[in-house]
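The values are calculated or read from the model by the stated rules, or taken from the named source; none is laboratory data. Everything numeric in this text was worked out from a predicted model, so none of it was measured. Note that each Cβ is placed from the backbone with ideal geometry, even for glycine, and that neighbours are counted across all protein chains shown. What goes into the accessible areas is simple: the full protein's heavy atoms, side chains included, and nothing from ligands, DNA or RNA. Shrake-Rupley method; radii C 1.70, N 1.55, O 1.52, S 1.80 Å.
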Amino acid sequence: MAKTIRIQKYLGDGGILSRRKTEEYIKAGRITVNGRPAAPGHPVAPGDVIAIDGQRVRVERDKENLYLMLNKPRGYVTTTSDELGRRCVTQLLEGVEARVYPVGRLDMDSEGLLLLTSDGTLAQRMTHPSHRIEKEYSVTVTGRLEGCEARLAALRTLEDGSSIAPARVRTVAERNGRRILSVVICQGLNRQVRRMCALAELRVERLVRIREGGLELGGLQPGHWRFLTGEERDRLLRS
């Protein structure tokens, strides 16, 4: 009997859909296996015909996964397509022929380090809250600057009651009524740093992710991308 694998893992490892997105598509009836609607955890085997919205998908099991870093500029959404016609980060990946997917998100007005990969297992691991991967942001703020580091570090909940772990906050520079903060968090709630700043009576003028785990943005220019080095890739896979 051929070995089977759960459909979420099959599509995730193949870089087709994240496991969470696969579950959403299954609930919406958008995925079929051999012509029949798929169920969560549906076992699939080599030779099965998997289709999304009626289009067959093929997973190249033997291909080498790609890992790359993009310096996301403002004005791009962190998706591979957008129903509103907004610019997507994948449009910046000139020369990348294989399909890669963003790991986590940066909102449209935020900038900086964005990891993209075809490795679905890695993407799942890095975005799962239990792994608490550190993310460091350079945040330019105005407003109530006095004591803002302590106010940000003291926050334990957001405005909707969501719990957050303590952030590490320090001032990097201050000039012309603006302060540049280093904010390190280990969660990835939607617009978390911006929401924290709002609670601390700060206005965000610029937000740039400069580090994720052991990966640093360095001198990569906005809108440019590069493959991870072998050392970076190995460190990422061990994290």
Query raised in the report: Once phi is turned into ³J(HN,Hα) by the Karplus curve 6.51 cos²θ - 1.76 cosθ + 1.60 with θ = phi - 60°, what whole-Hz value does each residue of the range 45-56 show in order, with x for glycine and proline?
Result: 9, x, x, 5, 9, 9, 10, 10, 6, x, 9, 5
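How would Y101, Y67 line up by accessible area, probe 1.4 Å, largest first? Walk me through the numbers on the way to the answer.
Values: Y101 50, Y67 25 Å².
Most to least solvent-accessible, the answer reads Y101, Y67.
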Query - the range 224-238 - phi-based ³J(HN,Hα) in whole Hz, Karplus 6.51/-1.76/1.60, Gly and Pro as x - result: 9, 9, 8, 6, 5, 6, x, 5, 4, 4, 5, 5, 5, 5, 7
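Find the Cα radius of gyration of the range 87-239, compare it with 2.2 N^0.38 Å by division, and give the number to two decimals.
Details: Rg = 16.2 Å, N = 153, 2.2 N^0.38 = 14.9 Å.
Rounded to two decimals, the normalised Rg is 1.09.
Expressed as a rounded percentage, what relative contact order does the range 8-129 have, with Cα pairs under 8 Å and six or more residues apart? Show your work: numbers first, answer last.
Values: 194 pairs, mean separation 34.1, N = 122.
It comes to 28 percent, rounded to a whole number.
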Report task. Taking just the C-alpha trace of the range 20-176, give me its Rg and Dmax in Å. Result -> 20.2, 64
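With an 8 Å cut-off on Cα pairs and a minimum separation of 6 or more residues, tell me the relative contact order of the range 58-176 in percent.
That works out to 21 percent.
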Query raised in the report: Taking the simple approach of a point 7 Å from Cα along Cα-to-Cβ for both A51 and E23, what is their distance in nm?
Result: 2.6 nm
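Largest first, how would S81, S138 line up by accessible area (1.4 Å probe)?
Numbers: S81 80, S138 35 Å².
In descending accessible area the options line up as S81, S138.
Of the lysine pairs in the chain, how many meet both conditions: Cα atoms under 18 Å apart, and a spacing of 8 or more in sequence or different chains?
Step by step, the pairs that qualify in the chain add up to 4.
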Report task. Place +1 on the Cβ of every Lys and Arg and -1 on the Cβ of every Asp and Glu in the chain, take the dipole about the Cα centre, and give the residue among L155, G95, L202 whose Cα lies farthest towards its positive end. Result -> L155
